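The values are calculated or read from the model by the stated rules, or taken from the named source; none is laboratory data. Quick caveat: nothing in here was measured; it's all calculated off a predicted structure. Every residue, glycine as well, gets a Cβ built from its backbone with ideal geometry; the counts of neighbours run over all protein chains shown.
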């Protein structure tokens with residue numbers, strides 16, 4: 001595998017996400033992508049902002065980005081849910097907001113929600129829920145309410161509630177190649193994150 005940057009400096013990364021359950025998913029996937037690509041990142045609690053929904057993320061994006069830069073963020077990742085709205089409209093809305101931000105920014109829109117990424121890899125689901133019975137779910141990005149679907153899967157196959165820790169476990173085990181293949185929106189985010197980190201590592 002060809003690495004696109006060297007281990008020169010650890011990039012201090014800021015996150016702007018919707019809710020607390022999204023944090024273990026996004027932070028773990030981001031760390032894994034960056035580690036595999038040879039670009040170390042540091043994500044601390046002081047560099048995470050919760051929008052509590054797309055509307056608040058869009059409204060507060062400028063303020064969040066300014067706060068994250070004040071606490072030393074050298075690059076920023078923004079991830080929001082599609083929630084059955086137009087992906088392109090939401091993506092363009094966020095891109096318009098980040099034009100004035102001086103550090104590199106990667107934007108991702110999960111269709112319909114981040115939970116769809118967790119449903120994409122049945123092996124990660126089975127390992128995390130301690131079962132072998134969960135089948136491959138068709139078209140995760142077409143599931144109308146992936147959060148409810150994840151809860152149904154956990155209840156049906158493992159009789160477990162969906163807790164925040166489970167989100168992190170699935171994200172830790174998910175095969176990124178499977179996510180890239182089964183969730184086009186994840187693949188786009190994956191590529192944009194790599195581009196963002198290149199910009200945050202000048203001279204590499």
Taking only pairs six or more apart or across chains, which ones have beta-carbon atoms under 6 Å, a first residue in the stretch 86-104 that is free of Cβ contacts under 8 Å to residues at least 24 places away in the same chain, and a second residue that is surrounded by 12 or more Cβ atoms within 10 Å (Cβ to Cβ)? 91/109
From the options 14, 72, 38, 19, residue that is in contact (Cβ under 8 Å) with a residue 24 or more places away in the chain and surrounded by 18 or more Cβ atoms within 10 Å (Cβ to Cβ): 14
Quick check on my filter: what residues within the stretch 41-79 are touching a strand residue (DSSP E or B) at 6+ places or on another chain (Cβ under 6 Å) and part of a strand (DSSP E or B)? 41, 42, 48, 49, 75, 76, 77, 78, 79
Counting only residues that are buried (at least 17 other Cβ atoms within 10 Å of the Cβ) and modelled with pLDDT under 95, give me the helices (runs of 4 or more DSSP H) lying completely in the stretch 89-204 with at least 1 of them. 184-200
